[in-house]
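A.B. asks: The structure that follows is given in the form of structure tokens.
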Amino acid sequence: MKPHPHLPVLRDLVTDIPGAVAAIHVSPEGLVAGTSPGIARDEADKWAAVMAALGAVSARSVGIVGAHTSGECPWGHSVIEDQYGQTLTLVGAPDQSMLAVVGAKDADLGKIVGRMIELADQALTAAAPV
């Protein structure tokens, strides 16, 4: 089975930011668009399914919050932390695709989320796979 394409920007994200372990980009249709190196195809497909579900929950939750606040609040990012301090961070892109990064316990979430938002704003979908 052929692996998903590795995106240079995702490889750079996990090599340039201490504590960023792995990254994946999922299309608006819920398909894997690319990964950082080291993610097997089967694992990436499982990530995509989880990301689609979490993205839907996050988007619906924002709708509930927006109904009780002063207006619309578009979904930006979600962070899930496990009992060991490891994180899964999701960022939605303007084209409705999603980016996810796994962070180690000592990861700098501010740097990870900041870089993820930059990538989403720069139209990550235009990035060429290698």
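Values in this text are rule-based calculations from the coordinates and carry no lab data. Note that the structure is predicted; figures quoted are calculated from it, not measured. Note: ideal-geometry Cβ built from the backbone for every residue, glycine included; neighbour counts use all protein chains shown.
A.B. asks: In nm, to one decimal, how far is the modelled label at Gln83 from the one at Val57, with both set 7 Å along Cα→Cβ?
C.D. replies: About 1.7 nm, to one decimal.
A.B. asks: With θ taken as phi - 60° and the coefficients 6.51, -1.76 and 1.60, list the Karplus ³J(HN,Hα) couplings across region 41-54 in order, rounded to whole Hz; mark glycine and proline as x.
C.D. replies: 4, 4, 5, 4, 5, 5, 4, 4, 5, 5, 4, 4, 5, 5
A.B. asks: Another question, if that's okay. Could you work out how far apart the two model spin labels at Asp121 and Ala49 are, taking each label as a point 7 Å from the Cα in the direction of the beta carbon, and quote it in nm?
C.D. replies: 3.5 nm
A.B. asks: Using 0.36 nm times the number of residues separating Asp106 and Asp12, minus their current alpha carbon distance, what extension gain do you get?
C.D. replies: Fully extending the segment from Asp106 to Asp12 adds 32.0 nm.
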